[in-house]
Amino acid sequence: MVQTLRAVQTLSDALDRMHSGMKGDMAMNASDLATLRMLTIRETRGEMVSPHDVAAHLRISTASTTKLIDRLVASGHLERLPHPSDGRARVVVLTDKSRREFFQHFGAHLGAMREMAAGFDDAQLETVASFMDQLTEAISTDD
């Protein structure tokens, strides 16, 4: 078990370094990049994201969230759109520019991850995915 937890720490460190490089390349702060990552993940899942979702995810105030979203809209990375079923609400979505920049920065990393994963069979990958999902749930708190 200790070896597994060390591997998780090593992976976390590698991901931090990868994200730090992207943050510098895109001239963004950590909250900006975390917002774009969150939106990328939620978009892949087909989930809409409200400004409130961003605030909750980052654990920042609504005023700070408004400034953050304003900054990302101004830089061309996000758009605010009307909520499809609630005309009073808004959702935030990635722009094509964001998607291109994310792929530009993460494309090589994603390719390397896919290539490495190809060396494992479906059952092994299912076990790893289950472990990572449960680990994420265990360390995610709503407080």
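The values are calculated or read from the model by the stated rules, or taken from the named source; none is laboratory data. Only a predicted model underlies this, so the values are computations on that prediction, with no experimental measurement involved. Ideal geometry is used to build each Cβ from the backbone, glycine not excepted, and the neighbour counts take in all protein chains shown.
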Q) Which of the following residues is under 20 Å from His19 (Cβ atoms), without any contact (Cβ under 8 Å) to a residue 40 or more places away in the chain and of a type in the set (A, V, I, L, M, F, W, C): Ala108, Ala118, Ala63, Ala129? A) Ala108
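Are any of the residues in the stretch 100-113 in contact with a strand residue (DSSP E or B) (Cβ under 9 Å, 6 or more places away or on another chain) and under 30 Å from Leu5 (Cβ atoms)? Even if it seems obvious, please write down each step before you answer.
Of the residues in the stretch 100-113, the ones in contact with a strand residue (DSSP E or B) (Cβ under 9 Å, 6 or more places away or on another chain) are 102.
With under 30 Å from Leu5 (Cβ atoms) added as a condition, the list becomes 102.
Within the stretch 100-113, one or more residues are in contact with a strand residue (DSSP E or B) (Cβ under 9 Å, 6 or more places away or on another chain) and under 30 Å from Leu5 (Cβ atoms).
For (1) assigned to a helix (DSSP H, G or I); (2) at pLDDT below 90; (3) of a type outside the set (D, E, K, R), each residue gets a yes or a no:
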| site | (1), (2), (3) |
| --- | --- |
| His57 | yes, no, yes |
| Ala63 | yes, no, yes |
| Leu81 | no, no, yes |
| Phe102 | yes, yes, yes |
Q) For the stretch 110-143, what are the residues that are surrounded by 11 or more Cβ atoms within 10 Å (Cβ to Cβ), of a type outside the set (A, V, I, L, M) and part of a helix (DSSP H, G or I)? A) Gln124, Glu126, Thr127, Phe131
Q: Could you tell me whether Thr35 is closer than 19 Å to Leu15 by Cα and either more than 15 Å from the chain's Cα centre (by Cα) or not aromatic (Phe, Trp, Tyr) (or both)?
A: yes
Q) Inside the stretch 56-92, can you point out the residues that are acidic (Asp, Glu) and closer than 28 Å to Asp133 by Cβ? A) none
Q.
Could you tell me how many of the residues in the stretch 13-55 are small (Gly, Ala, Ser), closer than 22 Å to Leu135 by Cβ and modelled with pLDDT of 85 or more?
A. 1
